[in-house]
Every structure is written in structure tokens, then in C-alpha cells.
Amino acid sequence: MTGCAASNPTRCVSSDQVELVRRRYRDVRKVGVALVVASIWLSAPPASASSVPGAPSCPMFPADNIWHADVSGLPVHPKSSQYVSSIGSNAQAKADFGAGLWNGGPIGIPYNVVGAGQPTTTVTFGYDEDSDHVPYPIPANPSIEGGANSNGDRHVLIVDNSSCTLYELYAAYPNGNGTWHAGSGAVWNLNSNALRTDGYTSGDAAGLPILPGLVRYDEVASGRIDHAIRVTVPASDRSHLWPARHDAGSANSNLPPMGLRLRLKAQFDVSPYPHDDQVILQAMKTYGVIVADNGSPWYMTGVPDERWNNDVLQQLRNVRGSDFEAVDESGLMTNSSSGAALASAAPPPSAPLPVGDGPAATSASPGTEDVFARGFDDALWTRHRTGSGWGPWTSLGGIITTAPAASGNNIYARGGDNALWTRTLSTGWTSLGGIITSAPAATGSDLYARGADNALWTRTLSTGWSSLGGIITTAPAASGSDVYARGGDNALWTRTLSTGWSSLGGIITSPPAATGIDLFARGTDNALWTRTVSTGWSSLGGQIK
């Protein structure tokens, strides 16, 4: 292996692996491309999933797509030990993405978002029969994997937010006359579960889309990744498993096939890791990783973003190949030509229903208290306390995607459409609109949440949304007239509705909590730290997740 220094965040391969990549497009079954592209748009979109940043009306494929399937309860694949050993039992996992530049290019695979007015161009292909021959809406200076001057995989990913169409190119180069040449090109409708024709490649060796498997900062900061993660392996068998469509490698049944799903073992302890790493690790437990290309072992792919903390991501190298196990996801297949997956076989939660996020509490009258939390079915659940004790858990229904907030008689949470929703104990759910990317905060009649632009936004029940600016990287907390959140520098920042932002310093690794004049957050040592607006930080010790 050459050029594989630990400080090198790019994918490194041996000469044998380079040859595997060169061979990955050969000897595939050829079927008419025009029929494939046309068929993508024929099926009606299923239920919505988390949206594409920059394209709020577009899901990252439907909610029942295999990328979103919970594989935590699936059986271990009978060849798990052979596959893990061949990838590298002692090899370190690596986040192949981050902040800054490497060799002049971004670290990771970026993507571009364009609108209906984006002019299209012609693209010619080296692997012509596998590629989708449609006009490609490539912007004038697109973000390219490795940068404009790179000579690596040079993936170009584009989402048209007006049609929810995903375009992906491999080895894409401009010709200098407005047209482009690429190794291959593939097109997907983000509202559809349709797969490519079996035997066709894409921008990846497995014939799968790249974008849904990328780790993004916005989802990590929100506390939840809802999809499998794209991963590379040094060598693969010349076979593929659903939902993959294409092979790469040489005939060796002890090597992993393209499309193999693996997961981080349930007993792996994520608690010593910082928040961002914990979110990634939990996703690998719940949704797993999908073998999508040849490259370095256990390299997880993500989107470059200046908000990543590379030192935090580097800690994922403590994860070893032996911490993973391959799973058999064949039981989730509904149709070999569709990426739609059956419901997960994960074991049901025991009663009373466990909760998946931090709770919220409110007291409507002296001597009573109501506590609220999101259940494992993503509904809002509540318990009521009176002088005689606590009542049973009761579902208030809905589909919520964040921890709730409560103030007075009202409860708030983000819904499946990424808007803010509210209800009371006696009334049903009502949408307050907006697109929010964090759990809400509520104090009195004022509501706060992070917007799609990472600024702090506010509204009341009777007024619309307005921006309070800033760049925040956690959910906000509110107390009285003050609101708090972590900034892009990982320090705690505060403001009111009428005053601007000011820093309270520190380096925090969790959303803050606020009560009265006291503020709390997790520090880089995983201990609980506290301060007030007028006093400095002091440690309360402990080790918190």
C-alpha cells in the first residue's frame, strides 16, 4: 500500500486495487439505457423521508428505501467472519471526509444543488452503454470530488431541486467548450425506489447512488442519521447482492460482494466518543454500512464541510473491522428491481415504551406535572403526575423527528416534513410551518429552532418565522428572554430577541441546557460543565453521553 500515511484523509489504494477499479465496468450485461431512464419516472412516490439540504421538497429517496432500512435486528450473514477478515479485522475505520483541504481539494464528496433555470449540457462517456444519456444540468463551476484540478475519481453529484432528480458522474472532466466527458453517468428520481438495470454500473462500482450514503454535517448536528453509510473495501468478489446492480473484483467467494450490508455490533460502547462520533456510530448500528466501491478498508464517505472537527472525526479510527458483522438483508427485498424494503425485523420495544430523545416537562397547575418524550415509534408520548403519583405512558400520536419542547399547555416538535408542529393534551397536531434542522426550544410564547441555513429562527404561535441570524451547530436552549446555542467555533453563544450574538466561550460537545440563570453543556472531556451569563465555566465532573 502506498501513500497511506495516517494523516492522509483521502482514499488510498494499491496498484492491484487500481486495476480492480479499472475492471469494474467490464463484462457487464447490456440493456437499453433509454428504457431504464424512462422507467424511473413511472412509479408514484411513497411516503416522504428526510429531505435533501438545499432541496426541501425532495426526499433522500423514499422512507421505505433500503438505504433507510433498520438492520439492527437482521440475522448475521453466515459468511460474516470471512467477509470481515478479508476486509481487515484489525484495520481501522476512517471518516474519509472533513473540513479544510487535502492536496488542494475538499475532503470528501461534495454535491451541487441546482434549480429549474440551470442550463444543461451534453456529456459523453467512456463506459457508454452503462450510462444514462440525458442532458446534465452541470453548473459553471461545480463542486468536484478532489477539486477542479484533481485526477482521482472526480465524482460530480447534482440535485435538481425543481424535479427531485439526482445526477451522478464518475471521472468527470470539462471539455472546454461547455460539454463534458465522464467515465459513467447515472440518473435517479429521488421520489422513486427504482433500481438501475441489473448489470449496470453507476458512479459507483456497486451500481448504486452515492448521495444517500454520504455522512452530512447537518444530520450529525441534528443528532440523527437515518440511512446506511457508503463504505469501501480493498477487494471484492465478482458478484453483487441486492440492492447492488454491478460487480467489481475477482471471483473469490471469501471476499465481500458489492452491496453487502454490515453493521457495528450492538455491544460496541459508543459512550467514550464525542457527540458527532456517537451519531455516526449509532447510525452504523441501526442502518449499517453498504459496500459500494473498492478502496481502503472501512473508509466511510461523507460530504466536506467546514464545520467538521477533524480531530473528533479522527477518533473513529479507534473502531476496528472486528467491531463489525455482516448481515443478511435478503429478507427485506420486495422486488429484485426495486429498492423498496420490507419493515425491519428489529425486535419490538418492551412496555412501557422506551424513549428515544430527551424529555420535556411542564406543569399546568400546582402539584401536577406532565412529561413528554419521543417514543421508539416516533410518536409523542406523555405521563402525568398528581399528588398520588405517576400515571401510565400514553401516546399522543403523530410522527416527530426531534425531542419535544414544552411551555405552558403546548408541546412542540419537528414533524416528518421538517416543519414545526404543536399540540396540547386535549387538541390535535397543528403545523407551524418552516423548515427546521434541530429540536425546538420554547420559553413563554417564544419558539426557537435552527433553520436550513443554520441560522437561529424564531416565531410565536400567532406570528410567522423570522431569522435571528448567526451560525449555530446545535439545537438552541431558551430561558426567559435569553436563547443559547453552540456556534461554528464550538463555543457557547447567546442572544435575546432584541440584542445581537455574544460569545460565552468554552468548547462544548452537546446542545446546551438552560434553567434560570444556570447553563449546562458537555465538555470535550465528556464531563458536565456549567456557567452563568456573568461567571466563567466550571466542571461538575462525571461522564455523560
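Extent of region 111-222 along each principal axis, from alpha carbon coordinates, in Å, largest to smallest?
41, 32, 29
Check LEU504: other-chain or 5+ apart residues with amide H under 5 Å from its amide H, H built from backbone geometry?
Amide H neighbours of LEU504: LEU492, TRP493, THR494.
Could you check the simple spin-label distance between GLN82 and LYS265, using points 7 Å along Cα→Cβ, in nm with one decimal?
2.1 nm
Order 378-385, 258-265, 281-288 from most to least packed using the mean count of other Cβ atoms within 10 Å.
Averaged packing, sorted descending, gives the order 258-265, 281-288, 378-385.
To the nearest 0.05, what FRET efficiency results for ASN141 and ASP311 with a Förster distance of 41 Å applied to their C-beta separation?
0.85
Per the helix-only calculation at 222 nm, which mean residue ellipticity applies to the chain, given -39500 (n - 2.57) for every DSSP H run of n ≥ 4 and division by its residues, nearest 500 deg cm²/dmol?
About -2500 deg cm²/dmol.
I need the peptides 240-248, 220-228 ranked by packing, meaning the mean over residues of other C-beta atoms within 10 angstrom, with the highest value on top.
In descending order of packing, they fall as 240-248, 220-228.
DSSP loop GluC sites (Glu not before Pro) in region 251-342 with at most 16 other Cβ atoms within 10 Å of their Cβ, which ones?
On the way: sites: GLU306, GLU325, GLU329; in loops: GLU306, GLU329.
Passing both the DSSP loop test and the Cβ count: GLU306.
Gap in Å between the Cα centre of region 228-294 and the Cα centre of region 106-159?
Centre-to-centre (Cα) distance: 25 Å.
Could you tell me the largest-minus-smallest coordinate of the C-alpha atoms of region 277-319 on each of the three principal axes, in descending order and whole angstroms?
Ordered largest first, region 277-319 gives principal extents of 26, 22, 19 Å.
When the chain is fully extended, how far beyond the present Cα-Cα distance does ALA148 get from SER89, taking 0.36 nm per residue of separation?
Contour length minus the Cα-Cα distance gives 17.7 nm.
Local charge sum around THR499 (other residues, Cβ-Cβ under 15 Å, Lys/Arg +1, Asp/Glu -1)?
-1
What number do you get for region 97-169 when its Cα radius of gyration is normalised by 2.2 N^0.38 Å, N = residues?
Working it through for region 97-169, the quotient is 1.16.
For a quick protection proxy, order the peptides 116-125, 66-75 by their average other-Cβ count within 10 Å, most packed first.
66-75, 116-125
Please state the charge dipole magnitude for the chain, taken about the Cα centre, from unit charges on C-beta atoms (+1 on K and R, -1 on D and E), reported in debye and rounded to the nearest 20.
Dipole magnitude for the chain comes out near 400 debye.
Tell me, what is the percent relative contact order of region 35-332, built from C-alpha pairs under 8 Å that lie six or more residues apart?
Details: 744 pairs, mean separation 79.5, N = 298.
Relative contact order for region 35-332 comes out at 27 percent.
As I understand it, the value is the acute angle between the Cα axis of helix 275-286 and the longest principal axis of the Cα atoms of the chain; what does it come to in degrees, rounded to 10?
Relative to the chain, helix 275-286 is tipped by roughly 60 degrees.
Using a/c under 1.5 as the rounded threshold, could you call region 172-310 rounded, prolate or oblate? The axes a ≥ b ≥ c are square roots of the C-alpha gyration tensor eigenvalues, and prolate needs a/b larger than b/c, oblate otherwise.
It comes out oblate by the Cα gyration axes.
Given points 7 Å out from each Cα along the Cα-Cβ axis, report the MET333 to ALA379 separation in nanometres with one decimal.
Between MET333 and ALA379, the simple spin-label model gives 3.4 nm.
Work out how much length THR460 to SER539 would gain on full extension: take 0.36 nm times their residue separation and subtract the Cα-Cα distance, in nm to one decimal.
Separation in residues times 0.36 nm, less the Cα-Cα distance, equals 25.0 nm.
Coordinate-derived values only; no laboratory data. Worth saying up front: this structure is predicted, and the values here are computed from it rather than measured. Glycine also receives a Cβ, built like all others from the backbone with ideal geometry; neighbour counts cover every protein chain displayed.
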